[in-house]
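The values are calculated or read from the model by the stated rules, or taken from the named source; none is laboratory data. This structure is a prediction, so every number in the text was calculated from the model and none was measured. So basically every Cβ, Gly included, is an ideal-geometry build from the backbone, and we count neighbours across all protein chains shown.
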Amino acid sequence: MITPHAKLRTLAVVVAGLLPIAANAITLPVAGDTFTDTSAKAKGALPAIVLKGTNKGLVKFDLSQLPASLTADQIEKATLYVFVNKLGKDAAPKVDVTQLNGASKWQEATANKDTALAGTLITNVSLAGKLKQYVPVDVTTAVQSWLDAPADNNGLLLALSGGSKTTLVQLDSKEGASTSQPAFLEIALSGVAGLPGATGAAGAQGATGATGPTGANGMMGLPGATGLNGLPGIDGATGATGAKGATGATGATGATGATGTFETFQYKVGGTGPAGGIIFYVDHFHQHADFDYLEAAPVDLTLTAGQTGSSGPWCDAGDTGATGAVFDPTGWSTQEVGSGEINSLAIDANAACPTASAAGTALSYTYGGKTDWFLPSEGELVLMIENLRNAGMGDVTDSDYWSSSEWDAVNGLDVNGFTGVAGSAVKNSTFYARAIRKF
């Protein structure tokens, strides 16, 4: 059994304190951050801003915390800081930073592929050699324009500048509360007094003064009020019970209550999904913010042309097998339902993993006009095998299937297609694999 364990990380506020912040400067936390991809699902609850393909990252700051008298010409410099958590196989990606125009309204909880976004390119930033550190971006002109026209403050848009299929940039968002370094904005002021400092602690209480002289006797007081009435006497004994009265008439029937409602779902387990695959999970209780269904491809993955069936290794740097841990920490967070996509991206971003790994093959899979497939986590794979085999669907074999979850630096986690029992195996073992997608 895997025991989850926590790893302490430096919070964004602490890291920001280690950066060279000007003496006469104000630091603002990010007010909203998310990203959009090709789906209609909002991504604001996820712990990262994932830039790959045509994804668009969004960040926004609340400038109402600045002094009310501050003007644009008093902003000496405004710098956006974003933390680069992961990079793909392209180790020197570039990111375009765009100031959104006044019509590009968005909210963290609802932004998706249908949100209209447009603006003016501010700069292009190279992330070469910037992994696991904050990267500064000069956004002075944007902040100055927002002070002149506060209603046009719709934040900034981040997107890959060119790149290839393997180009991936993962920035930390504010939703990863205990392990994340979210974006923040540093504003250096010119000729403006800083914000008031915190109120100092109260001083110690002074010593008690000397007792004053005894005063003269006062005048005789008025007569006191009449005293209170005495307590009531003890209650007498209870009288005998009277005869039982006649039964009253039956009351009128109450009004009929309102008809109850229940939620219906468009798809059900065993049905055909939008990509032509098989629905094997429905989130009836809305436990996941970014999807309602999981859909499995109807056939196993193919590693190379003419080879059908076994997909290949979990992750293999050669004949040695072990490549070192991909996830940190390992544990249930990489095995639960909903973690398969993030796992697959992390495996594919590891330079030691071949393109033909199970996760890499799943990420590049296209079926039914959909390209958002990935390798399922252990929890997702157990559900898929159990529900497909019970329904006699999907042609699941009796062999082992790779999941995107990791046991340790040497072993990945797999699930047997006949028994549905999870196990572990050396990462260069050759097993079957099946791609899934969420929507």
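In segment 398-422, what residues are surrounded by fewer than 16 Cβ atoms within 10 Å (Cβ to Cβ) and touching a residue at least 60 places away in the same chain (Cβ under 8 Å)?
If the condition is that a residue be surrounded by fewer than 16 Cβ atoms within 10 Å (Cβ to Cβ) and touching a residue at least 60 places away in the same chain (Cβ under 8 Å), then 399, 408, 409 are the ones that fit.
Are there any pairs with C-beta distances below 9 angstrom linking a residue in segment 93-111 that is without any contact (Cβ under 8 Å) to a residue 60 or more places away in the chain to a residue that is among the aromatic types (Phe, Trp, Tyr), with the two at least 6 apart or on different chains, and if so which?
So the pair list comes out as 99/146; 100/106.
Among the numbered criteria (1) part of a strand (DSSP E or B); (2) modelled with pLDDT under 95, which single criterion is violated by residue 419?
(1)
Confirm whether residue 101 is over 19 Å from residue 48 (Cα atoms), within 25 Å of the chain's Cα centre (by Cα), surrounded by 12 or more Cβ atoms within 10 Å (Cβ to Cβ) and not small (Gly, Ala, Ser).
Values: over 19 Å from residue 48 (Cα atoms): yes; within 25 Å of the chain's Cα centre (by Cα): no; surrounded by 12 or more Cβ atoms within 10 Å (Cβ to Cβ): yes; not small (Gly, Ala, Ser): yes.
No: the conditions fail for residue 101.
Do you know which residues across segment 97-119 are polar (S, T, N, Q), assigned to a loop (DSSP other than H, G, I, E, B) and within 24 Å of residue 45 (Cα to Cα)? Give the derivation first.
Initially, segment 97-119 is screened for residues polar (S, T, N, Q), giving 98-99, 101, 104, 107, 110, 112, 115.
With the extra rule that they be assigned to a loop (DSSP other than H, G, I, E, B), the set shrinks to 101, 104, 107, 110, 112, 115.
Hits for segment 97-119 are 104, 107, 110, 112, 115.
Please determine, by comparing only the residues of segment 40-96 that are among the polar types (S, T, N, Q) and not in a loop (DSSP other than H, G, I, E, B), which one is farthest from residue 171 (Cα to Cα).
Restricting attention to segment 40-96, the residues satisfying the condition of being among the polar types (S, T, N, Q) are 54-55, 64-65, 69, 71, 74, 79, 85.
So of that shortlist, the ones also not in a loop (DSSP other than H, G, I, E, B) come out as 64-65, 74, 79, 85.
On the way: 64: 25, 65: 25, 74: 30, 79: 17, 85: 5 Å.
Only one residue tops the list, namely 74.
Among the residues of segment 256-268, write down those that are of a type in the set (D, E, K, R) and modelled with pLDDT under 65.
From segment 256-268, those of a type in the set (D, E, K, R) are 263, 268; that's our starting set.
Answer for segment 256-268, where residues must be of a type in the set (D, E, K, R) and modelled with pLDDT under 65: just 263.
Show the residue pairs meeting these rules: Cβ distance below 7 Å; 6+ apart or different chains; first residue within segment 130-159 and outside the structural domain of residue 185 (by TED's automatic domain parsing); second residue outside any strand (DSSP E or B) and modelled with pLDDT of 95 or more.
Cβ pairs passing all conditions: none.
Just checking, which of 48, 92 is over 21 Å from residue 343 (Cβ atoms) and touching a strand residue (DSSP E or B) at 6+ places or on another chain (Cβ under 8 Å)? First the steps, then the outcome.
Values: 48 fails: over 21 Å from residue 343 (Cβ atoms).
92 is the lone residue from the list that is over 21 Å from residue 343 (Cβ atoms) and touching a strand residue (DSSP E or B) at 6+ places or on another chain (Cβ under 8 Å).
Each row is one residue, and each column tells you yes or no for (1) over 38 Å from the mean Cα position of the chain (by Cα); (2) polar (S, T, N, Q); (3) farther than 30 Å from residue 74 by Cα; (4) at pLDDT below 85.
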position: 146; (1), (2), (3), (4): no, no, no, no
position: 158; (1), (2), (3), (4): no, no, no, no
position: 166; (1), (2), (3), (4): no, yes, yes, yes
position: 186; (1), (2), (3), (4): no, no, no, no
position: 204; (1), (2), (3), (4): yes, no, yes, yes
position: 226; (1), (2), (3), (4): yes, yes, yes, yes
position: 236; (1), (2), (3), (4): yes, no, yes, yes
position: 245; (1), (2), (3), (4): yes, no, yes, yes
position: 254; (1), (2), (3), (4): yes, no, yes, yes
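Every residue, every condition in (1) closer than 30 Å to residue 189 by Cα; (2) in contact with a Cys (Cβ under 7 Å, 6 or more places away or on another chain); (3) modelled with pLDDT under 90, yes or no:
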| site | (1), (2), (3) |
| --- | --- |
| 7 | no, no, yes |
| 12 | yes, no, yes |
| 22 | yes, no, yes |
| 45 | no, no, yes |
| 49 | yes, no, no |
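Filter segment 106-123 down to residues that are of a type outside the set (S, T, N, Q) and exposed (fewer than 13 other Cβ atoms within 10 Å of the Cβ) and give me whichever is nearest to the chain's Cα centre (by Cα).
In this case the residue turns out to be 109.
Please give the number of the condition residue 41 fails out of (1) of a type outside the set (Asp, Glu); (2) farther than 18 Å from residue 186 by Cα; (3) modelled with pLDDT of 90 or more; (4) exposed (fewer than 15 other Cβ atoms within 10 Å of the Cβ).
It fails just one condition, (4).
Would you check which residues across segment 359-397 are more than 18 Å from residue 280 (Cβ to Cβ) and either part of a loop (DSSP other than H, G, I, E, B) or under 25 Å from the mean Cα position of the chain (by Cα) (or both) and list them?
Filtering segment 359-397 for residues more than 18 Å from residue 280 (Cβ to Cβ) gives 359-361, 363-364, 366, 369, 371.
Across segment 359-397, the qualifying residues are 359, 360, 363, 364, 366, 369, 371.
Does residue 424 count as under 17 Å from residue 280 (Cα atoms), modelled with pLDDT of 90 or more, hydroxyl-bearing (Ser, Thr, Tyr) and touching a strand residue (DSSP E or B) at 6+ places or on another chain (Cβ under 8 Å)? Can you show your working first?
On the way: under 17 Å from residue 280 (Cα atoms): no; modelled with pLDDT of 90 or more: yes; hydroxyl-bearing (Ser, Thr, Tyr): yes; touching a strand residue (DSSP E or B) at 6+ places or on another chain (Cβ under 8 Å): yes.
So residue 424 fails the test.
I need the full set of residues from segment 188-202 which are within 30 Å of residue 58 (Cβ to Cβ) and at pLDDT 80 or above, in order please. Full working, then the answer.
So the first thing to find is which residues in segment 188-202 are within 30 Å of residue 58 (Cβ to Cβ), and the list is 188-190, 192, 194-195.
If the condition is that a residue be within 30 Å of residue 58 (Cβ to Cβ) and at pLDDT 80 or above, then 188, 189, 190 are the ones that fit.
Quick check on segment 25-38: of everything there that is of a type in the set (Gly, Ala, Ser) and either buried (at least 21 other Cβ atoms within 10 Å of the Cβ) or in contact (Cβ under 8 Å) with a residue 40 or more places away in the chain (or both), which residue is farthest from residue 111 (Cα to Cα)?
Here is the first cut: in segment 25-38, the ones of a type in the set (Gly, Ala, Ser) are 25, 31-32.
Filter once more, keeping what is either buried (at least 21 other Cβ atoms within 10 Å of the Cβ) or in contact (Cβ under 8 Å) with a residue 40 or more places away in the chain (or both): 25, 32.
Details: 25: 31, 32: 11 Å.
Selected residue: 25.
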